[in-house]
Amino acid sequence: MAVGPSPFPGQDLRLVVEGAILAEGHLLSAGELCVARAILGLGEPALELYARLTSRQPRPFRVSELQYPGDVPGQVAELDAAGLLSRSVPDARCLPAFSAEELKAACRRLGLSTRGSRPQLEERLAGQRWVDEPVLLLGHLALLRRFEVLFFQTPHLSRQDLVLDRIGIAKWASYTPTGGPGLFRSRAALLGWERARRREWRDGDVERLIAAGPGAAVLDPWRYAVEARVLALESQPPAERAAGLRELLDRGAGVRVPLARALEQAGDRAGALQTVLAGRDVRSGEGMACARTARRLARATRVRLPPGIELREAPVRSVRVPGGPALGEGLRPTWPTASGARVSIEPAVIDWLGALGRRAIHAEGTPWIALYALVFADLYFLPIPGMLPTRFRSGPVDVGTPGFYSRRRAAVEQRLEQVSKFGSLDYAMAHDGSRLAGLTSTAGALFLAEHAPPNMVTCVLRRLVVEGWSAAPGLPDLFVTGGPPRRVDEALSGLDALPAKLQQTPFFAEIKGPTDTLRDDQRIWIDRLVENGISVELWELTGKSFM
C-alpha cells in the first residue's frame with residue numbers, strides 16, 4: 001500500500017534515534033552518538049526539515065526548491081551549524097538537481113554549445129563553475145538507516161512504517177521487552193553484518209563470523225561468511241580445500257557434498273563415501289544430494305550401500321491447457337486464459353480451474369509463511385528471555401528459525417493441536433491487520449485458512465515451525481479448493497484439456513513442463529505431504545510444441 005508523507009516526520013525521526021540509542025546505543029561509536037545528539041538537539045522546524053529531506057530520494061537539493069513552512073533558510077543554517085548537511089557542494093555533484101533545460105541555460109551562460117543529449121551537456125560542464133544558486137547535500141544518510149535497523153531490529157522497515165501504525169493499518173503488538181543483546185552481540189558483529197549483506201569483506205571478517213558460529217536470528221550473517229569461505233576454497237588444492245570444508249562441516253555448515261568431492265579429488269574415495277553416507281538419511285536437500293553422491297561413489301568403488309530412505313511420490317497427471325503454449329517476451333512460454341490473455345502457466349491453470357468452478361492460488365511459499373505468522377502471532381510475544389529486546393518489533397529475534405520452536409515447544413504443540421481440531425481461520429482473522437514478521441500479505445493466508453483442511457495446514461505449519469522458513473522452498477505450486485468431481489473435457493464443452501477429472505477434496509498440484517524435473521526440495525515436500533495423508537498431484541504439461 002502506498003503511504004503519503006508523514007505529517008509528523010520530525011517526531012518519527014526523534015522516536016527512531018532515541019529508540020536506537022536506548023536499545024542498541026552500545027553498538028554506536030562516539031562519533032555516531034555525537035550525530036545522534038546533534039539531531040535530537042535541533043529545534044522542531046529544523047528537525048522537521050531534516051526528517052522530510054532524508055525521507056526523499058538522496059540527491060543534492062536546491063535551497064530555492066525547498067517549499068516548506070517557516071524560515072527555510074534559517075532552518076538550513078541550523079542544520080549546517082549542526083554538521084548535518086553541506087552547503088559546499090562541488091558543481092559536478094549538483095548535476096542531478098537540475099533539469100536538462102537548466103543545464104542548457106548554464107552552457108549558454110558559459111558560451112558552450114547547448115546541443116545534444118543530457119550526458120553530453122553534463123560532459124561540457126565538467127570542470128566548469130556553473131552553479132549560481134545555493135545547493136545543499138544531506139549528510140549521515142547511511143547512519144540514519146543504521147538507526148532504523150537498530151530501532152526496528154530489521155532492515156525491512158523504515159520511519160514510513162510508523163505512519164501505517166499511526167493510522168491503524170498495521171499495528172505493532174503491545175508487549176514488554178525482555179532485554180537481551182538484540183540482533184548483534186557487538187559493534188563488530190553489526191558492521192560485519194552490514195558488509196556481509198553487501199558482500200564487501202574486510203580482512204578477518206569471514207574467519208571471525210565463521211568462528212562465532214550461527215546465531216539465533218534470521219538476519220545472522222554467518223551464512224554469507226560460509227558462502228564466501230566455500231567460494232574462496234574452490235581455488236585451493238583438493239587436500240587444503242577438504243580441510244577447510246571439514247572445518248565448516250564441524251561448525252554446522254551443510255557442505256558434505258563439496259567435502260566429498262574434494263576428498264575424492266585428493267584420492268580419498270573411501271573418506272568421500274563415508275562423508276556423504278553420514279548425511280544421506282536426512283530428508284533434506286543436503287541429504288538427497290548426499291544420497292546421489294553416495295550412489296555414484298559406490299558404483300565407482302564397487303561398494304554395496306545399506307538401504308536408504310525412499311521418498312514417497314505423487315501420482316502423475318497429464319495436463320493440457322486449452323490453446324497450448326506460445327512464445328512470450330524473453331522467449332518464455334505463455335498460455336491463454338479464458339478471456340484470451342496470455343500469462344505464465346500457473347495463472348493460466350488457476351484461470352481455467354476457475355472456469356470449472358474450482359478456486360486455486362499460487363501457494364509456493366509466501367502465503368504459508370504468512371499463515372504461520374497469523375497462527376503463531378500471540379506466541380511471537382511470549383516473554384522468552386532475550387527474544388524481544390526492544391519495542392516496535394514485529395516478532396522475536398528467533399522468528400522463522402528452528403529456535404522459535406525449541407524455545408516455545410509446549411505452546412507451539414498446543415497451538416498445532418488446536419489447529420488440527422478446529423482449523424486456522426479463527427487465529428488468522430484475530431490477527432489480520434497486525435504487524436507480524438513473515439506477514440507480507442494477508443489475502444493468500446486467509447484463503448488457505450478458509451479452504452485448506454486442518455490436517456493440511458497442520459502438516460505444512462509443523463515443518464515450517466520446526467525447521468524454519470528456510471524449509472518453505474519446494475512447496476507445491478498450487479493449492480486447489482475442493483468441490484464436486486467433474487470431467488474437465490465435458491465442462492469445457494469438448495475442448496482438448498486434461499486432466500480428465502478433478503478430485504473432490506482440496507489438493508496440491510505441482511506443475512512441470514516437458515523438460516522440467518522435480519527439485520530436491522519439491523520431492524521432500526511431496527514426501528512429507530503424502531506421508532501425512534495430504535493429497536498432492538504432479539501435473540505434467542502436454543500439448544503442441546511452441547518451438
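The residue of segment 373-393 that is modelled with the highest pLDDT, among those that are within 11 Å of P177 (Cβ to Cβ) and among the aromatic types (F, W, Y), is F381.
If you take just the helices (runs of 4 or more DSSP H) that sit entirely in segment 193-306, which of them hold at least 3 residues that are surrounded by 15 or more Cβ atoms within 10 Å (Cβ to Cβ), within 25 Å of the chain's Cα centre (by Cα) and free of Cβ contacts under 8 Å to residues at least 12 places away in the same chain?
On the way: elements: 205-212, 222-233, 238-250, 256-265, 269-277, 285-301.
The helices (runs of 4 or more DSSP H) meeting that bar number zero.
Is one or more of the residues making up segment 89-102 surrounded by 16 or more Cβ atoms within 10 Å (Cβ to Cβ), touching a Ser or Thr at 6+ places or on another chain (Cβ under 9 Å) and closer than 19 Å to V135 by Cα? Within segment 89-102, not a single residue is surrounded by 16 or more Cβ atoms within 10 Å (Cβ to Cβ), touching a Ser or Thr at 6+ places or on another chain (Cβ under 9 Å) and closer than 19 Å to V135 by Cα.
Kindly indicate which of A370, A348 is modelled with pLDDT under 90 and either in contact with a Ser or Thr (Cβ under 6 Å, 6 or more places away or on another chain) or crowded, with 21+ Cβ neighbours inside 10 Å (or both).
Working: A370 fails: modelled with pLDDT under 90.
The match here is A348.
Yes or no: I526 modelled with pLDDT under 95, crowded, with 17+ Cβ neighbours inside 10 Å and not in a strand (DSSP E or B)? The answer is yes for I526.
Among the residues of segment 381-393, those that are crowded, with 24+ Cβ neighbours inside 10 Å and touching a helix residue (DSSP H, G or I) at 6+ places or on another chain (Cβ under 8 Å) comprise M387, R393.
Say we look at segment 34-43 and pick out the residues that are without any contact (Cβ under 8 Å) to a residue 40 or more places away in the chain and in contact with a helix residue (DSSP H, G or I) (Cβ under 7 Å, 6 or more places away or on another chain); which of these is farthest from T390 (Cα to Cα)? Among those residues, the one meeting the criterion is G43.
Answer yes or no: is there a residue in segment 333-341 that is of a type in the set (S, T, Y), farther than 23 Å from W525 by Cβ and crowded, with 18+ Cβ neighbours inside 10 Å.
Quick first cut of segment 333-341, residues of a type in the set (S, T, Y) only: 334, 337, 339.
This time we only want the ones that are farther than 23 Å from W525 by Cβ, so: 334, 337, 339.
With crowded, with 18+ Cβ neighbours inside 10 Å added as a condition, the list becomes 334, 337.
Yes, there is a match, as at least one residue in segment 333-341 is of a type in the set (S, T, Y), farther than 23 Å from W525 by Cβ and crowded, with 18+ Cβ neighbours inside 10 Å.
The C-beta contact set for segment 345-358 (first residue in the same structural domain as T505 (by TED's automatic domain parsing), second residue assigned to a helix (DSSP H, G or I), distance under 9 angstrom, 6+ apart or interchain) comprises W352/V488; A355/A491; L356/V488; L356/A491; G357/A491.
Candidates A51, A46, A77: the one that is without any contact (Cβ under 8 Å) to a residue 24 or more places away in the chain and either touching an Asp or Glu at 6+ places or on another chain (Cβ under 9 Å) or farther than 21 Å from V149 by Cβ (or both) is A77.
Residue under question is A428, and the condition is that it be in contact with a Leu (Cβ under 9 Å, 6 or more places away or on another chain) and either assigned to a loop (DSSP other than H, G, I, E, B) or surrounded by fewer than 21 Cβ atoms within 10 Å (Cβ to Cβ) (or both); does it hold? No, not satisfied. Scanning segment 117-132 for residues that are among the hydrophobic types (A, V, I, L, M, F, W, C) and either closer than 15 Å to S99 by Cβ or touching a Lys or Arg at 6+ places or on another chain (Cβ under 9 Å) (or both) turns up L121, L125, W130, V131. Taken residue by residue, segment 169-191 has at least one member that is of a type in the set (F, W, Y) and either touching a His at 6+ places or on another chain (Cβ under 7 Å) or closer than 30 Å to D205 by Cβ (or both).
Rundown of residues vs (1) at pLDDT below 90; (2) closer than 25 Å to R93 by Cα; (3) among the aromatic types (F, W, Y), yes/no style:
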| site | (1), (2), (3) |
| --- | --- |
| F8 | yes, no, yes |
| D12 | no, no, no |
| L15 | no, no, no |
| G25 | yes, no, no |
| G31 | no, no, no |
| Q67 | yes, yes, no |
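The values are calculated or read from the model by the stated rules, or taken from the named source; none is laboratory data. All values derive from a computational prediction rather than experimental measurement. Positions of Cβ are backbone-derived with ideal geometry, glycine not excepted, and every protein chain shown enters the neighbour counts.
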